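Enquirer: After the C-alpha cells below, expect a handful of questions from me.
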Amino acid sequence: MASFLGFAEPEPTPQQVIAGLRATAEGGEDLVQLLSPEGERVTDSRFEPWVADVDVDRLRALYRDMVLVRRADREANALQRQGQLSIWVPLLGQEAAQIGAGRALMPQDMAFPSYREHGVAWCRGIDPTELLGIFRGTDHGSWDPHATRFHLYTIVIGNQCLNATGYAMGQRFDGRVGDGEGETGEATICFFGDGATSQGDVHEGFVWSAVYDAPVVFFCQNNQWAISEPLERQTRVPLYQRARGYGFLGVRVDGNDVLATLAVTRWALQECRTGNGPVLIEAFTYRMDAHTTSDDPSRYRLAEELELWKLKDPIERVRVNLVRTHGESQEFFDEVAAESDTLAARLRAHCLAMPKPKPERIFSEVYAQSSPLLDAQRDEYLAYHSSFEE
Amino acid sequence: MVSGMRQTFALPDVGEGLTEAEILAWQVSVGDTVSVNQIIVEIETAKAAVELPSPYAGTVAELFASPGQTVAVGTPIIVISTGVEGDPERSDPAPPTAEAGAEPTAQPHDTAEGGTKIGEVGPDGRIATLVGYVSGSGTVVRRRRVHRAGPLTAPPPPTPPTVPAAESPVRDAVPLAKPPVRKLAKELGVDLRALAGSGPRGAITRDDVHASARSAAVGGTTGQRRVPVRSLRKATAAAMVSSAFTAPHVTEFLAVDVTPMMELRERLRTTREFREVKLSPLVFTAKAVCLAIRRTPEVNASWRDGSAGEDAEIVFYDRVQLGIAAATPRGLIVPKIRDADTLSLRELAEALGELTATARAGITPPADLVGGTFTITNVGVFGVDTGTPILNPGESAILALGAVKPAPWVVDGQLAVRTVCQLALSFDHRVVDGEQGSRFLADVAALLADPGLALSY
Ligand SMILES: Cc1ncc(C[n+]2csc(CCOP(=O)(O)OP(=O)(O)O)c2C)c(N)n1
C-alpha cells in the first residue's frame with residue numbers, strides 16, 4: 001500500500017504491471033480480435049454477432065477492398081517519387097482498420113477523416129483519382145463532402161474532432177438520434193491518430209461529446225508512431241482506457257483484423273445512433289511505410305519492429321483464411337491482383353493528364369462568395385504572377 | 001513515333017521543398033530494360049535516403065549523373081527509350097517533368113512541379129508543406145522576373161534568397177553540413193570545424209569529408225598505400241597465426257529462429273528496468289552462452305601443453321570471463337566482461353554497453369584485454385550471416401553471431417517469415433569433442449529460440 005495525498009493506493013499487482021506492458025507492446029488482453037494473424041477465426045461472443053452476415057462473398061469483398069486500396073496507395077507513392085505529386089501520405093499497413101471502419105458505415109452516417117484515410121474514402125465511393133489533386137497541389141479536395149458523406153481531408157492534427165463533434169450535435173438537434181431504430185438513425189465517425197490524442201482539440205471534442213451525448217465514434221488509428229514520436233510519448237495508459245476518464249466506452253480492436261474492426265465499428269455506430277454515444281475505438285495497427293514521402297523512418301525506428309508487424313499483415317490473414325477455411329482458388333486472388341494493376345494504371349494515367357490550374361483558382365475555390373478584400377488580393381497576386389517569364 | 005521515343009526523367013523533389021539530392025547508386029545501367037515503377041536509383045536528400053522508381057518502361061539510353069554527384073532538383077538524370085510495341089506507357093501523356101531537350105543543368109524549380117505551389121518559398125523565406133514548415137534554403141532556383149520599366153503595381157518580390165558562396169570566416173559557429181554528411185564525418189573521425197565547405201553557401205559536402213579523411217590517412221602513392229604493421233594490427237596478426245596453427249579448429253553452424261527472443265526483447269524494452277540499456281541480440285546471446293556453459297564446461301576451458309616431460313593438461317574455469325570482439329578505430333580488440341555468468345540480463349546489457357563505449361573511445365585498459373575464457377564475435381552487426389571465427393589464443397571456443405534478419409522458415413509445415421540468425425561455433429578439438437561442441441551450440445540456439453528454457457537451467 002502506497003500513500004498518495006493521504007489516500008491509500010494499492011500497489012499494482014505483478015499481473016497488472018505485465019498486463020499494462022503487454023497493452024502497449026502487443027495489443028494486450030482486451031484486444032478484440034476475430035481473425036488471428038495466422039488467419040484463424042477467434043471466438044468473441046460479444047462482437048461476433050455483429051459480423052454474422054459476413055459470408056465468404058463478403059469476406060472476398062473485404063479482401064478485394066484492401067488489395068485495391070493498397071495497390072492505389074503504392075502507385076501514388078511511386079508517382080510522388082517520380083515528381084508527379086508534391087507529397088503522399090501512405091496508408092500501408094492500415095488497410096484493415098480503414099476498410100473495416102469504412103464498410104461499417106451506413107449511407108446516412110457522416111465521416112471526418114484526417115489525411116491518411118484513403119481506405120475510408122474508397123468505402124465512401126470516392127475514386128482514388130479524386131485524392132490526387134490535394135497531393136499534387138492542384139486543388140483543395142474535389143469531392144463533395146455532402147454527397148459522399150466524407151469530409152475533406154484535415155491536415156491540422158486533431159482539428160476534425162471538433163468539427164465532428166459539432167456535426168454530431170447537429171444530428172442530435174435534427175432528431176436523427178435515439179429513436180432506437182438503426183435504419184433511420186445517424187452517427188458521425190471521426191478519424192485521427194495516436195499522436196492526435198495529445199492535442200487539445202481532441203480533448204475538447206471528447207469532453208463536449210461526452211457531456212452532450214453526441215453520436216460520434218472517435219476512431220483512433222494507433223499506428224504506434226506520430227512521425228518520429230513513439231506511442232510511449234503520447235500516453236501512459238492504453239489509449240482506449242482514456243475514454244473511461246471522459247465517461248464513455250472505449251474499445252481496443254486489432255486494427256489489422258478487418259473482421260474485428262468491422263464488428264466493433266458497427267457496434268459503436270449503432271450505440272451512437274441509438275443515443276448511447278460517444279464511443280472511442282482504438283484500432284491497434286502499425287504504419288508500415290514512412291509518415292509521408294518526406295520522412296525517413298529508418299532514422300528513428302528499428303527495422304526489426306517492422307519485421308514483427310509484417311507477420312501481422314492485415315491482407316495476408318484474410319487470404320489465408322479464405323484458402324484454409326473456404327478453399328478459395330488461386331484464380332480469385334489472381335483476378336483481384338489484375339484488377340488492382342488496372343486501377344493503378346488508371347490512377348497513373350489520370351495523374352499524368354491532370355491539368356495545371358490557373359493561379360486565380362486559389363482565390364475562387366475557398367469562399368463561396370467573393371469580397372472586395374479578396375478581389376484586391378487576387379488582382380495583386382495575378383499581377384505579381386504575370387511579372388515572371390513564360 | 002512508333003519506335004524509340006526518348007523520355008527524360010528529371011530529379012524530382014521527393015521531400016517538400018528540397019532543392020537537390022546526392023546520387024548514391026544506380027540500380028540500372030545503359031542498355032538495361034526497365035519497367036514502370038522499377039527502382040532505378042537511390043538518392044539521398046537532406047531529409048532521407050530514397051529509392052526512385054522509373055516512370056517509364058523501356059530501355060535505359062543515358063545516365064546523366066554519377067554516384068556521389070549532387071544534382072539540383074529538375075535536372076534530367078536519365079533518358080529512357082520507350083515506344084516499342086506493346087509498351088503500355090507509350091500512349092500516356094508526357095508528364096510535365098519530362099522537358100524534352102532540356103539541358104542537363106539546373107531547371108527552374110517550378111517546372112518540375114507541374115505548377116504546384118506547395119514547396120515554394122514564401123515571402124517569409126519559409127516553405128509551406130502539408131506537415132508543417134521547412135526553412136527555405138537560399139538555393140531554390142526560381143523563375144526569373146521579367147525586367148520591366150516603370151513602377152510595379154505588385155508588391156516587391158521576396159528578398160533575393162541568394163547568399164554569396166564565398167568563404168565564411170566564422171569558423172567557431174556550427175559548420176554548415178547536412179545530417180548525413182555530419183554522420184559520415186563522425187564515422188571517419190573528421191572534424192567539420194576544420195574544413196572549408198565547397199558546397200553552396202560554403203556547406204561541407206560528402207566529397208569534402210572524404211577528401212579530408214583520405215589526406216589524413218596517407219601521404220599517397222598512386223593506386224596503393226603501405227601502412228606499417230604496428231601495435232594492434234601486429235598483435236592481432238600474431239595472435240591469429242599462433243591460434244590457427246596450434247589449436248586444431250572445428251567450426252559448426254546452426255541457423256536459429258530467434259523470433260521469440262526478439263519478442264521477449266520487445267516486451268522487456270518497454271519495462272522500466274530495461275528502458276535505459278541497449279538490449280541487443282548480443283546481450284541475449286551472452287546470457288545464453290553463460291547458461292549453456294554450465295552443461296558443457298569444456299568450452300570454458302583451455303589447453304596447456306606440458307612443459308619438460310610433464311603431461312599436458314586442460315584447465316577448467318569456474319567463472320566465465322566473456323570476451324567480446326569489438327571493432328574500434330584502432331582495430332580489433334577483445335575486452336572481457338568479468339564473471340559474466342554471475343550477471344543478470346540487465347547487468348550484462350550494462351556491461352556490454354560500457355565495454356563498447358570504452359572500446360570505441362579507444363580507452364580500454366590493457367588489463368581488460370587479458371584473461372578471457374570464452375569469446376563472442378558479433379559479425380551480424382556488419383550485416384554478415386556467419387563466418388568461421390578463429391579462437392582467441394588460450395581459449396577453447398568462440399561463437400560468431402550472424403545478422404538477425406527476416407527469412408523464410410518452416411513453422412508447423414507451413415512457410416512463414418520469421419526472424420532468423422546463424423550461429424557459428426569454432427572450438428579447439430584437443431579440448432572439445434564434436435559431441436560437446438554440438439550440444440553447446442544446440443543449447444545456445446535453443447535458448448534463443450525459446451528463452452523460457454532458461455528456467456530449466
Ligand atoms: C496542429 C498540428 N500540429 C502539428 C502538425 C504537424 N504534424 C503533421 S502529422 C503529425 C503527426 C500526427 O501523428 P498521428 O496523430 O499519430 O497520426 P498519423 O500521422 O500517425 O496517422 C504532426 C505532428 C500538424 N499538421 N498540425
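Enquirer: Do we have A:ALA338 as aliphatic (A, V, I, L, M) and surrounded by fewer than 16 Cβ atoms within 10 Å (Cβ to Cβ) here?
Expert: On the way: aliphatic (A, V, I, L, M): yes; surrounded by fewer than 16 Cβ atoms within 10 Å (Cβ to Cβ): yes.
Taking the combined requirement at face value, the residue satisfies it.
Enquirer: For the stretch B:309-321, state whether one or more residues are in the same structural domain as B:ILE363 (by TED's automatic domain parsing), surrounded by 15 or more Cβ atoms within 10 Å (Cβ to Cβ), hydroxyl-bearing (Ser, Thr, Tyr) and at pLDDT 90 or above.
Expert: Checking the stretch B:309-321: at least one residue is in the same structural domain as B:ILE363 (by TED's automatic domain parsing), surrounded by 15 or more Cβ atoms within 10 Å (Cβ to Cβ), hydroxyl-bearing (Ser, Thr, Tyr) and at pLDDT 90 or above.
Enquirer: With the condition kept exactly as written, say whether any residue in the stretch A:40-61 is in contact (Cβ under 8 Å) with a residue 40 or more places away in the chain, within 14 Å of chain B (Cβ to nearest Cβ) and acidic (Asp, Glu).
Expert: Yes, the stretch A:40-61 has at least one match.
Enquirer: Take A:THR154 and decide whether it is touching a residue at least 12 places away in the same chain (Cβ under 8 Å), within 30 Å of A:ARG236 (Cα to Cα), buried (at least 16 other Cβ atoms within 10 Å of the Cβ) and within 16 Å of the ligand (Cβ to nearest atom).
Expert: Details: touching a residue at least 12 places away in the same chain (Cβ under 8 Å): yes; within 30 Å of A:ARG236 (Cα to Cα): yes; buried (at least 16 other Cβ atoms within 10 Å of the Cβ): yes; within 16 Å of the ligand (Cβ to nearest atom): yes.
The answer is yes for A:THR154.
Enquirer: Just need a number here: residues in the stretch A:263-303 that are within 16 Å of the ligand (Cβ to nearest atom) and either more than 14 Å from chain B (Cβ to nearest Cβ) or farther than 21 Å from B:LEU18 by Cα (or both).
Expert: As a first pass, look at the stretch A:263-303 and keep what is within 16 Å of the ligand (Cβ to nearest atom): A:280-297, A:299-301.
Checking the rest, the ones that are also either more than 14 Å from chain B (Cβ to nearest Cβ) or farther than 21 Å from B:LEU18 by Cα (or both) come to A:280-288, A:301.
Number of matching residues: 10.
Enquirer: Right, something else. When the residues of the stretch A:203-225 are filtered to those that are over 19 Å from the mean Cα position of the chain (by Cα) and surrounded by fewer than 24 Cβ atoms within 10 Å (Cβ to Cβ), which remaining residue is nearest to the ligand (Cβ to nearest atom)?
Expert: Residues of the stretch A:203-225 over 19 Å from the mean Cα position of the chain (by Cα): A:204, A:207-214.
Filter again for surrounded by fewer than 24 Cβ atoms within 10 Å (Cβ to Cβ), leaving A:204, A:207-208, A:210-213.
Values: A:GLU204: 13, A:VAL207: 18, A:TRP208: 18, A:ALA210: 21, A:VAL211: 24, A:TYR212: 24, A:ASP213: 26 Å.
If we take residues in the stretch A:203-225 being over 19 Å from the mean Cα position of the chain (by Cα) and surrounded by fewer than 24 Cβ atoms within 10 Å (Cβ to Cβ), then A:GLU204 is nearest to the ligand (Cβ to nearest atom).
Enquirer: Within the stretch A:228-250, which residues are part of a strand (DSSP E or B) and at pLDDT 95 or above? Even if it seems obvious, please write down each step before you answer.
Expert: Pass one, the stretch A:228-250, residues part of a strand (DSSP E or B): A:229-230, A:249-250.
Within the stretch A:228-250, A:LEU249, A:GLY250 meet the criteria.
Enquirer: Quick one: count up the residues across the stretch A:92-111 that are closer than 18 Å to A:ARG319 by Cα and either in contact with a strand residue (DSSP E or B) (Cβ under 9 Å, 6 or more places away or on another chain) or not assigned by TED's automatic domain parsing to the domain that holds A:VAL251 (or both).
Expert: Of the residues in the stretch A:92-111, 5 are closer than 18 Å to A:ARG319 by Cα and either in contact with a strand residue (DSSP E or B) (Cβ under 9 Å, 6 or more places away or on another chain) or not assigned by TED's automatic domain parsing to the domain that holds A:VAL251 (or both).
Enquirer: In addition: Among the listed residues A:ALA72, A:ALA96, identify the single one that is crowded, with 23+ Cβ neighbours inside 10 Å and within 14 Å of another protein chain (Cβ to nearest Cβ).
Expert: Values: A:ALA96 fails: within 14 Å of another protein chain (Cβ to nearest Cβ).
Exactly one of A:ALA72, A:ALA96 is crowded, with 23+ Cβ neighbours inside 10 Å and within 14 Å of another protein chain (Cβ to nearest Cβ), namely A:ALA72.
Enquirer: Within the stretch B:372-457, which strands (runs of 3 or more DSSP E) (wholly inside it) include 1 or more residues that are of a type in the set (Phe, Trp, Tyr) and surrounded by fewer than 22 Cβ atoms within 10 Å (Cβ to Cβ)? Explain how you work it out, then say what you get.
Expert: On the way: elements: B:374-377, B:397-401, B:405-411, B:414-428.
Answer list for the stretch B:372-457: B:405-411.
Enquirer: Does A:ASP254 qualify as being within 16 Å of the ligand (Cβ to nearest atom), out of contact with any Lys or Arg (no Cβ under 6 Å at 6 or more places or on another chain) and assigned by TED's automatic domain parsing to the domain that holds A:ARG46? Explain how you work it out, then say what you get.
Expert: Values: within 16 Å of the ligand (Cβ to nearest atom): no; out of contact with any Lys or Arg (no Cβ under 6 Å at 6 or more places or on another chain): yes; assigned by TED's automatic domain parsing to the domain that holds A:ARG46: yes.
When the stated conditions are applied, A:ASP254 does not pass them.
For every residue, the table says whether it meets (1) assigned to a strand (DSSP E or B); (2) in contact with a strand residue (DSSP E or B) (Cβ under 8 Å, 6 or more places away or on another chain); (3) surrounded by fewer than 20 Cβ atoms within 10 Å (Cβ to Cβ).
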{"position": "B:THR236", "(1), (2), (3)": "no, yes, yes"}
{"position": "B:GLU252", "(1), (2), (3)": "yes, yes, yes"}
{"position": "B:ARG267", "(1), (2), (3)": "no, no, yes"}
{"position": "B:LEU279", "(1), (2), (3)": "no, no, no"}
{"position": "B:LEU282", "(1), (2), (3)": "no, yes, no"}
{"position": "B:ALA288", "(1), (2), (3)": "no, no, no"}
{"position": "B:ALA292", "(1), (2), (3)": "no, no, no"}
{"position": "B:GLY306", "(1), (2), (3)": "no, yes, yes"}
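Enquirer: Can you name the condition, by its number, that A:SER114 falls short on among (1) within 16 Å of the ligand (Cβ to nearest atom); (2) of a type outside the set (A, V, I, L, M); (3) away from chain B (no Cβ under 14 Å); (4) closer than 30 Å to A:GLU307 by Cα?
Expert: Every condition holds for A:SER114 apart from (3).
Enquirer: Filtering the stretch B:37-69 down to residues that are surrounded by 21 or more Cβ atoms within 10 Å (Cβ to Cβ) and in contact (Cβ under 8 Å) with a residue 40 or more places away in the chain, which residue is nearest to the chain's Cα centre (by Cα)?
Expert: B:LEU52
Enquirer: Let me ask you something else. Which of the numbered conditions does A:GLY200 fail, given that it passes all the others? Conditions: (1) away from chain B (no Cβ under 14 Å); (2) of a type outside the set (D, E, K, R); (3) within 12 Å of the ligand (Cβ to nearest atom); (4) within 17 Å of the chain's Cα centre (by Cα).
Expert: Condition not satisfied by A:GLY200: (4).
Enquirer: Which residue out of A:GLN98, A:GLN80 is touching a helix residue (DSSP H, G or I) at 6+ places or on another chain (Cβ under 8 Å), part of a helix (DSSP H, G or I), polar (S, T, N, Q) and closer than 19 Å to A:ALA196 by Cβ? Spell out how you get there, then give the answer.
Expert: Details: A:GLN80 fails: closer than 19 Å to A:ALA196 by Cβ.
Being touching a helix residue (DSSP H, G or I) at 6+ places or on another chain (Cβ under 8 Å), part of a helix (DSSP H, G or I), polar (S, T, N, Q) and closer than 19 Å to A:ALA196 by Cβ holds for just one of A:GLN98, A:GLN80, which is A:GLN98.
Enquirer: Based on what the data block shows, is A:ARG136 surrounded by fewer than 24 Cβ atoms within 10 Å (Cβ to Cβ), out of contact with any Lys or Arg (no Cβ under 7 Å at 6 or more places or on another chain) and assigned by TED's automatic domain parsing to the domain that holds A:THR292?
Expert: On the way: surrounded by fewer than 24 Cβ atoms within 10 Å (Cβ to Cβ): no; out of contact with any Lys or Arg (no Cβ under 7 Å at 6 or more places or on another chain): yes; assigned by TED's automatic domain parsing to the domain that holds A:THR292: yes.
For A:ARG136, the condition - surrounded by fewer than 24 Cβ atoms within 10 Å (Cβ to Cβ), out of contact with any Lys or Arg (no Cβ under 7 Å at 6 or more places or on another chain) and assigned by TED's automatic domain parsing to the domain that holds A:THR292 - is not met.
Enquirer: Of the residues in the stretch B:44-64, how many are within 14 Å of chain A (Cβ to nearest Cβ) and of a type in the set (Asp, Glu)?
Expert: Looking only at that region, the number is 2.
Enquirer: For the stretch A:341-377, which positions are farther than 17 Å from A:ASP139 by Cα and within 13 Å of chain B (Cβ to nearest Cβ)? Before you say what the answer is, go through the steps one by one.
Expert: Of the stretch A:341-377, the ones farther than 17 Å from A:ASP139 by Cα are A:341-346, A:348-349, A:369-377.
If the condition is that a residue be farther than 17 Å from A:ASP139 by Cα and within 13 Å of chain B (Cβ to nearest Cβ), then A:ASP341, A:THR342, A:ALA344, A:ALA345, A:ARG346, A:ARG348, A:ALA349, A:ALA376, A:GLN377 are the ones that fit.
Enquirer: Of all the residues that make up the stretch A:137-151, how many are modelled with pLDDT of 95 or more and either within 16 Å of the ligand (Cβ to nearest atom) or under 24 Å from A:GLU204 (Cα atoms) (or both)?
Expert: The total comes to 4.
Enquirer: Can you pull out every residue in the stretch A:226-243 that is within 14 Å of the ligand (Cβ to nearest atom), of a type in the set (A, V, I, L, M, F, W, C) and more than 12 Å from every other protein chain (Cβ to nearest Cβ)?
Expert: Within the stretch A:226-243, A:LEU239 is the sole residue that qualifies.
Enquirer: Regarding the stretch A:167-190, can at least one residue be identified that is within 16 Å of the ligand (Cβ to nearest atom) and in the same structural domain as A:PRO128 (by TED's automatic domain parsing)?
Expert: Initially, the stretch A:167-190 is screened for residues within 16 Å of the ligand (Cβ to nearest atom), giving A:189-190.
Within this subset, residues satisfying the condition of being in the same structural domain as A:PRO128 (by TED's automatic domain parsing) are A:189-190.
Taking every residue of the stretch A:167-190 in turn, at least one turns out to be within 16 Å of the ligand (Cβ to nearest atom) and in the same structural domain as A:PRO128 (by TED's automatic domain parsing).
Enquirer: Based on what the data block shows, is A:LEU308 hydrophobic (A, V, I, L, M, F, W, C), closer than 29 Å to A:ALA283 by Cα and touching a Ser or Thr at 6+ places or on another chain (Cβ under 8 Å)?
Expert: yes
Let's see how each residue does on (1) over 21 Å from B:ALA238 (Cα atoms); (2) in the same structural domain as B:ARG319 (by TED's automatic domain parsing); (3) in contact with a helix residue (DSSP H, G or I) (Cβ under 8 Å, 6 or more places away or on another chain):
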position: B:ALA351; (1), (2), (3): yes, yes, yes
position: B:THR356; (1), (2), (3): yes, yes, no
position: B:PRO365; (1), (2), (3): no, yes, no
position: B:LEU369; (1), (2), (3): no, yes, no
position: B:ASN378; (1), (2), (3): yes, yes, yes
position: B:VAL410; (1), (2), (3): yes, yes, no
position: B:LEU415; (1), (2), (3): yes, yes, no
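The values are calculated or read from the model by the stated rules, or taken from the named source; none is laboratory data. No experiment lies behind these values; they were computed from the predicted model shown. Because the Cβ atoms are built from the backbone with ideal geometry, glycine has one as well, and the counts that use them run over all protein chains shown.
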